[in-house]
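Read the structure below first, then the notes.
The values are calculated or read from the model by the stated rules, or taken from the named source; none is laboratory data. Just so you know, these numbers come straight off a predicted model, no measurement behind them. Don't worry about glycine lacking a Cβ; one is built from the backbone with ideal geometry, like all the others, and counts go over all protein chains shown.
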Amino acid sequence: MLKRISCIFTILMIINMIILSCEAKSPLKPSEISGREWPFFRGSAELTGSSASSLPRQLKLVWRFETQDSIKSSPVIRDNALFIGSDDGKLYKLKAKDGSLIWAFTAQASIEAAPLVLDDVYVGDLSGMFYRLDKASAQVKWKYQTGSQIIGAANFYNQSAADTPRLIIGSYDNKIHCIDSKSGLALWTYQTGNYINGTPAVSKAKIITGGCDAFLYVVSAVSGTELLKIDTGSYIAGSPVVLNNHAYIANYGGRLLCVDIDTQKTVWQFNEPDAVPFYSSPAVNEEKLVIGSRNGKLYCFDRKKGNMLWTFTTGDEINCSPVICGEQVVFGSDDGYLYLLELKDGGEIWSYFIGEGVNGSPAVAYNMLFIGAGDGAVYAFGDRGAAGNSRGLSGNMQ
């Protein structure tokens, strides 16, 4: 009897070890990303900028961490830690719960790109250097030099769960780079006609990106072969979004496009009447698309049809890329405020005055909001902590 119990126990232990091993090697599921963590720029490889989790309606400032210069980078969240770059040339790892410093890595130049957190941390800087850092210690495992500055975050592609991830980055050397994450060596590069400012989206073995040459590109993630190239009419500063084989991208001429990747046809487009630039990247869910404009407005569109549903006006340019969180949308403006709105009609729920512009994209994880700002600080908001300030008051903790 004891032998039988021992045998059963051993079998159960082996099964448990296999399950844990598979979980460790498998990429995060969309539900885990949206509800628990935010390990990529815009929350997913498709750059949807959407989380299934709503935020508390009256957010409170939980903590604030100061870097030594302004922040244009966007935070990412994994394993209860926050990772963000700063213009002071450092990449910071902080405890998500209280903002305490775990480590700070000094790069060769300012870090405006958001990091990518997989097994390790991957990030580029304005010298064009791209790093793989040990997630626990920040030790450099390898470096990869591009020909010019890296502004956008890295993305990744897996042919299967067992394969080594391929890292995808754009650079001001006008190229898309595909890098083996294990060795740090280039697998292929794709030449465009000008700078790549945003982050490439990855969907179904395809890389979708926009360039400062005004083109929307679709490239094979396997070979780097060009699959589609569309002239949008003006240079593209932001990042695309992909959902259900449709790519959404906005340009500096005030044009927002929905393109069917399979048919290579434009499904719908919106042209801002005064051709005011879009620098922000769109956020989408199944029904809606939201995007900020340099005219100070946040626009909401029917994602499938392209008709405008509502607008919300702030006091300055919106360069921040919004995030949809359940039935809400959160974003920052150059007027110094963070805003939380109702997604259904654009009604204001909450706002917080930081006092400096917000250019990065928020991260939503653990039912909390994380953001970096032009004052050089990282902010975390939730349903606990010191009360968040309303408009007209400083966002700094005393």
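Among the residues of the range 224-241, the one identified as within 18 Å of residue 204 (Cβ to Cβ) and in contact with an Asp or Glu (Cβ under 8 Å, 6 or more places away or on another chain) is 241. When we screen 107, 96, 114 for residues that are closer than 22 Å to residue 319 by Cα, in contact with a strand residue (DSSP E or B) (Cβ under 8 Å, 6 or more places away or on another chain) and surrounded by 20 or more Cβ atoms within 10 Å (Cβ to Cβ), the only hit is 114.
Considering every residue within the range 180-197, establish whether at least one is touching a residue at least 12 places away in the same chain (Cβ under 8 Å), within 29 Å of residue 373 (Cα to Cα) and of a type in the set (Gly, Ala, Ser). No, the conditions are met nowhere in the range 180-197. No other residue among 62, 76 is under 26 Å from residue 198 (Cβ atoms), surrounded by 19 or more Cβ atoms within 10 Å (Cβ to Cβ) and out of contact with any Ser or Thr (no Cβ under 7 Å at 6 or more places or on another chain) apart from 76.
Take the conditions at pLDDT 95 or above, surrounded by fewer than 19 Cβ atoms within 10 Å (Cβ to Cβ) and either within 18 Å of residue 248 (Cα to Cα) or of a type in the set (Ser, Thr, Tyr) (or both) and apply them to residue 311. Does it pass? Yes. Answer yes or no as to whether residue 317 is of a type in the set (Asp, Glu), modelled with pLDDT of 95 or more and surrounded by 18 or more Cβ atoms within 10 Å (Cβ to Cβ). For residue 317, the condition - of a type in the set (Asp, Glu), modelled with pLDDT of 95 or more and surrounded by 18 or more Cβ atoms within 10 Å (Cβ to Cβ) - is met. Summed over the range 198-244, residues that are hydroxyl-bearing (Ser, Thr, Tyr), within 18 Å of residue 148 (Cα to Cα), assigned to a loop (DSSP other than H, G, I, E, B) and free of Cβ contacts under 8 Å to residues at least 40 places away in the same chain total 0. Do we find that residue 349 is buried (at least 21 other Cβ atoms within 10 Å of the Cβ) and modelled with pLDDT of 95 or more in this structure? No. The number of residues in the range 266-284 that are surrounded by fewer than 21 Cβ atoms within 10 Å (Cβ to Cβ) and over 18 Å from residue 214 (Cβ atoms) comes to 4. For beta carbons closer than 7 Å, sequence separation of 6+ or different chains, a first residue in the range 110-127 that is part of a strand (DSSP E or B) and a second that is modelled with pLDDT of 95 or more and among the small types (Gly, Ala, Ser), the qualifying pairs are 116/153; 116/154; 122/154; 123/85; 123/113; 124/113; 124/154.
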